[in-house]
Each structure stands twice: as C-alpha cells, then as structure tokens.
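Everything below concerns the one structure shown next.
Where a number appears in this text, it was derived from the coordinates with a stated rule and is not lab data. Since this is a predicted model, take the numbers as computed values, not measurements. Glycine gets a Cβ as well: all are built from the backbone with ideal geometry, and neighbour counts include every protein chain shown.
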Amino acid sequence: MATITLNTGRSFAADSGISILDAARNAGVTLEYSCRTGRCGICQAPVLAGETTVLRPEESLDPGDAERGIILTCCRAVTGDVVLDVEPLDRLTGFEIRTMPARVVAIDRLSHDIVKVVLKTPPASPLRFLPGQYVDVLANGVRRSYSLANAPRADNLLELIIKRYPGGCLSEYWFERAQPNDLVRIEGPFGTFFLRDAAPTTIIFLATGTGIAPVKALLEELAADPTRAAQHQISVYWGNRAADSFCWDPVNLGLDVAFHHLLSGPDAKWGGKRGYVQEAAIRQGFDPNDSVVYACGSEAMIASARQAMIALGLPPLRFFSDAFVSSN
C-alpha cells in the first residue's frame with residue numbers, strides 16, 4: 001500500500017487499483033470533487049512528489065496544467081508514495097454516503113420545462129447533508145445527479161429543481177409519468193460545493209439554469225444565521241436562455257441580496273438585463289482581495305468565470321464551483 005500525504009501533513013493509505021479520490025474517501029478523508037468522471041475539473045490537485053497513473057481520461061484538464069504536474073484525483077491512482085498540494089475538507093467528516101428509498105411528496109410545474117420535485121426520506125434515517133451538495137436519483141434503470149435545492153429542514157424534505165431535456169430517460173419520467181407517492185431510490189450526499197467558514201466580506205454567487213438550486217440552498221443556510229449573513233455583502237447573478245426559466249424568487253428569505261437576472265436567449269419581450277453572469281459580475285466590480293465566488297451551472301460559464309476572475313486577482317482557492325455535466 002502506498003501513502004498519500006496532503007499539504008496539511010495528514011496522510012492515508014491508498015491502493016493502486018482505485019482512484020485517489022476513492023482512496024481518500026475510504027480513509028475518511030474528503031477532497032474537493034464534483035462529477036467524479038473527469039469532466040468538471042473540480043478535483044484538480046498539484047502533485048508535489050511521487051508518481052500517479054491514469055485510470056480514466058482527464059477530459060477537463062488542460063495540457064498546460066498537466067505539464068505543471070496537476071492531476072484529477074477522480075481519474076488517477078498512485079503507483080507509490082505521493083504528496084499532493086490539497087487540503088482535506090474536514091467539514092464533511094461524518095457525512096456518510098448512503099443509498100435509501102425516497103417517496104415523491106409533490107411535483108410542481110415551475111415553467112414549461114422545469115419542475116420542482118419534493119422527496120421524503122425515511123423518518124428514522126433522514127439524509128444528512130450540507131447545503132450545496134447533491135444526490136443521485138436511481139429510477140427507470142438509470143442514475144442521474146441533482147443538486148439539493150434546500151438546506152436541511154426539520155421535516156427532512158428534499159427539494160430538486162429539474163429541467164427537461166429532450167430524450168432524457170428521467171426527464172420523461174419526471175414530466176410525464178411521475179406521481180405523488182411514487183418511490184425512488186437516492187444515493188448521497190455527494191459534492192464539495194458548500195459555504196466555507198472563513199469567507200471574505202463579499203460573496204458572489206454565479207448560476208446558470210437550474211444551477212440556481214444549490215445557490216438557493218446556500219442562501220437558505222445564510223438566512224438561518226442572520227448574524228453571519230449581516231457580515232457579508234451578497235450578490236447573486238442568475239442567467240437563463242428563456243425568461244420563464246426564472247422560476248424562483250429569494251424575497252421570502254429575508255436576506256439583503258443584490259439579485260441580478262440575465263437573459264442570454266433571444267426573447268424580444270424581455271425588458272431586463274442581457275448577457276452572461278460572469279461578465280455582469282465583472283462589470284459590476286468586485287474586490288478580488290475581499291471576495292469569494294461560488295459558481296454553479298454550465299461548464300462553459302464556470303470555465304470562463306474562473307479564468308476571468310482569477311486573471312483579475314481573485315485567489316484560485318476562493319473560487320468554488322459545481323459544474324453540471326451532461327449524462328452522455
């Protein structure tokens with residue numbers, strides 16, 4: 001067995017036959033990740049010493065990053081002792097990934113191609129998760145990932161905001177056949193998209209499409225702690241291609257939030273702002289030395305936002321993201 005050492009000095013054993021990410025999880029250590037398939041790039045890790053081997057293609061890794069010794073921990077295994085320049089995410093310690101039944105409580109049509117699904121897990125064993133994480137739904141013989149659109153609630157209900165995709169196996173189920181009282185299975189929680197404790201004064205949320213779901217959960221977490229929320233200036237930039245996709249309003253949260261809706265599609269009746277969320281945030285102006293960014297949605301938006309905001313001086317370790325990658 002090889003040993004993986006992190007930049008905090010913590011180390012754990014790793015089998016050469018599994019990914020570094022899975023080896024860490026087996027040892028009770030959580031590293032940054034999202035898609036687990038090599039396509040989102042969130043689990044990047046600089047290798048300071050040692051050698052690794054490729055288990056699956058690192059699709060989102062730029063050639064320049066690879067030349068600098070950066071790997072994706074979900075795609076690589078160790079061939080000997082390795083030192084990585086990453087930190088463990090201790091806030092996730094004790095959050096067990098489990099598979100459990102969940103009953104459909106309600107299905108609400110929010111727009112022509114978006115529904116809100118409310119699920120209930122067994123009262124004796126509710127899902128423990130952090131706001132911003134996601135679950136996999138297992139139904140119709142397929143598995144699909146959905147962000148949880150709420151912070152933990154006393155009634156243990158879970159909200160999903162689901163967009164319809166033509167030809168999607170679960171899209172057809174949710175929009176055509178799902179009924180209250182249906183039983184599905186869920187697995188989770190997954191992901192490392194959650195509020196960090198040592199946040200700067202300014203919090204910037206970027207969301208495209210149903211990427212607003214985990215942002216909604218994070219805002220609910222802030223709203224539940226007014227003292228914490230009052231210490232920050234909070235901005236949300238939400239972009240959609242169609243006007244009726246703006247299907248949620250944060251007004252009931254009671255937070256002081258600068259909320260920006262941006263349309264990127266050709267709707268002649270739209271009277272609001274147009275453009276892309278990352279460009280709007282940059283135009284609005286932000287202090288890179290006193291800001292943290294949470295971006296969720298399309299891979300293109302996240303890649304563009306990360307590159308542009310880091311170029312303006314935002315420290316890379318203060319850009320957190322959850323990329324929605326296709327199931328194909």
Practice problem: In square nanometres and to one decimal, what's the mean projected area of the convex hull around the Cα atoms of segment 225-300? | Solution: 6.2 nm²
Self-check item: Rounded to the nearest 20 debye, dipole of the chain from Cβ charges on Lys, Arg, Asp, Glu
Solution: 720 debye
Practice problem: Taking only Cα atoms and a 10 Å spring cutoff, compute GNM fluctuations for the chain and point out the largest among 146, 165, 33. | Solution: 165
Quiz item: For residue 47, what charge total do you get from the other residues with a beta carbon under 13 Å from its beta carbon, if Lys and Arg give +1 and Asp and Glu give -1?
Solution: -4
Quiz item: Summing Lys, Arg as +1 and Asp, Glu as -1, what charge do residues with Cβ under 15 Å from the Cβ of residue 216 carry, residue 216 excluded?
Solution: -3
Quiz prompt | Calculated FRET efficiency for the pair residue 140/residue 13, C-beta based, R₀ 51 Å, to 0.05 | solution = 0.85
Practice problem: Pick out, from 236, 19, 268, the residue whose Cα sits farthest towards the positive end of the charge dipole of the chain, with +1 on the Cβ of Lys and Arg and -1 on the Cβ of Asp and Glu. | Solution: 268
Quiz prompt | Cα-projected label distance for residue 225 with residue 179, points at 7 Å along beta-carbon direction, nm | solution = 4.3 nm
Quiz prompt | Alpha-carbon centroids, segment 13-77 and segment 176-243: separation in whole Å | solution = 26 Å
Quiz item: Counting Lys +1, Arg +1, Asp -1, Glu -1, what net charge surrounds residue 316 among other residues with beta carbon under 15 Å of its beta carbon?
Solution: -1
Exercise. Take peptides 64-73, 231-240 and line them up by average Cβ neighbours within 10 Å, highest first, as a rough protection proxy.
Key: 231-240, 64-73
Quiz item: For the chain, how big is the tail of P(r) above 30 Å, as a whole percent of Cα pairs?
Solution: 36 percent
Quiz item: Near residue 116, which lysines are there with a Cα under 25 Å away, not counting those fewer than 8 places off in the same chain?
Solution: 163, 216
